[in-house]
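Take a look at the structure below.
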Amino acid sequence: MTKIVSLVGRPNVGKSTLFNRLIGYKKSIVNSKSGITRDRNYGFCNWNGIEFCLIDTGGYTNESKHIFEKQICEQFFFALAESDVILFLVDPSNDILGIDYDISKMIRKLKKSIYLVINKIDIYKNIYNTYQYWKFGIPKTYWISSINGTGTEKLLDSIVSNFDKNKNIYKKHIPRLALVGRPNVGKSTLINTLLNKNKNIVTNISGTTRDSIDVLYSKFGIECILVDTAGIRKKKKIKEDIEFYSVMRAIKSIQNSDVSLLIIDCKSGFESQDINILKIIENNNKGIVLLINKSDLLNYHDNDLINSYENKIKKIIAPFKDVPIFFTSSLTKKDIIKSLKTAVKITFNFRLRIKTSLLNKIILPILNKNPHPSINGKFLKIKYCRQIPTYNPQFLFFTNYPYNIKESYKRFIENNIREKFNFTGIPIKILFRLRRVAGGG
């Protein structure tokens, strides 16, 4: 089992900056404004061949009645419960606050390995303020700068001394499934339902999730990494830098995933922004599953209503209509597991390789029977075709007029490939290359 290390402390002491440094890339959003990190953010750190899971928590506070800060504190306690090692980060720029004492008392009661990490020692005057932290009675004390990395090597040496060498749980074959959509469509609630616990903060306020959160899921014969993402708004509706970075992280999560589960609110329907997000997924050659969420608000026993809803969506997304559509509900758990199994199955469809002989045997007779319209009185002939050895399915057709193929005919070819072979939920590309054909002009 991978060991877990949590970063805790009051708001704005540099937890997210240290988190990004230790995992080796910018995963948590960093901003001078406090309260940016809300959910527990997970990453993996490998030091001297020993790997551990690192959790970035939101800043703990016990004074505010604000809904976000209340739930950030809940996430703080969840992180403490999960952890093997706790890094208590403090900022010597200011005097010790009451909240610092509260955190030290809480973590000292736990049977965990605790480190006091004094941050921002790159600022010269801060060095003289570090003596005050001896009051906490935490013997394992380290002085670091999360900005420039000073002291982090010694800290990591000490952390991994607690652990045995362990295997990386992020095996390459484990599918990555990104849950994406507009704000407040139920992405975090869906993950919490799957895990049967409040893994991610959920409120009825849009924009609650800011970072992209990775969760390892292993139940019901499914093993995958679920990625909860921030809601993707239209550019003109983004009002602050933090939200801009959140949206960029969500798009990056799509790019780094195998399949994206595009979640749509059944109340508002399939809107223009849903189409834009689908195009982002399709343009990045990722698998797609559509979830019509909150379907408990619909009469999903009415087959005519469901079929009508589904057909409207397929008409909008044509020609890429071969996309699985599920009507899900976090309240009733309807089709959640089924949609997840389908998404995992799609990741294996990417590996499908069709032999050239079989492809030509099946597809060429269809094209000969339904030829392309003549081009300036000349006939287009397709000699043969093959699948290109790329991760996302691409098919190359050799013809005498490759630059004059109509889009409708490309769609016709794509539809026939989808009908004969299993590329459900996967964008495919149809390409043409010049090849002189006898009698082709």
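Summary of computed values
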item: Nitroxide proxy distance, nm - points 7 Å out along Cα→Cβ at Lys406 and Leu297; result: 4.2 nm
item: Distant-in-sequence amide H partners of Leu54 (H built 1.01 Å from N, under 5 Å); result: Val5, Gly43, Phe44, Cys45
item: Amide proton proximity set for Leu380, modelled H, under 5 Å, gap of 5+; result: Ile375
item: Where His301, His372 fall by accessible area, highest first, once all protein chains stay in place (1.4 Å); result: His301, His372
item: About the Cα centre, charge dipole magnitude for the range 250-299 (Lys/Arg +1, Asp/Glu -1 at Cβ), debye; result: 100 debye
item: Long pairs among Lys312/Lys406; Lys321/Lys361; Lys187/Lys341; Lys279/Lys341; Lys378/Lys406; Lys15/Lys120, criterion Cα-Cα beyond 19 Å; result: Lys312/Lys406; Lys321/Lys361; Lys279/Lys341
item: Alpha carbon centroid spacing (whole Å) that separates the range 263-291 from the range 317-393; result: 18 Å
item: Cα lying deepest toward the dipole's positive end in the range 241-400, options Tyr309, Pro389, Val289, charges on Cβ; result: Pro389
item: Calculated from backbone phi, Karplus (6.51, -1.76, 1.60) coupling profile of the range 388-395 in Hz, x at Gly/Pro; result: 7, x, 10, 4, 8, x, 9, 10
item: Difference of contour (0.36 nm per residue) and Cα-Cα distance, Lys429 to Asn311; result: 40.1 nm
item: Area accessible to solvent at Val259, 1.4 Å probe radius, in Å²; result: 0 Å²
item: Size of the range 100-151 as Cα extents on the principal axes (Å, biggest first); result: 33, 20, 16
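The values are calculated or read from the model by the stated rules, or taken from the named source; none is laboratory data. Note that the structure is a prediction, hence the values are computed from the model and not measured. Heads up, the Cβs are rebuilt from the backbone with ideal geometry, glycines too, and the neighbour counts pull from every protein chain shown. Protein only, heavy atoms only, side chains kept; ligands, DNA and RNA dropped before computing areas. Shrake-Rupley method; radii C 1.70, N 1.55, O 1.52, S 1.80 Å.
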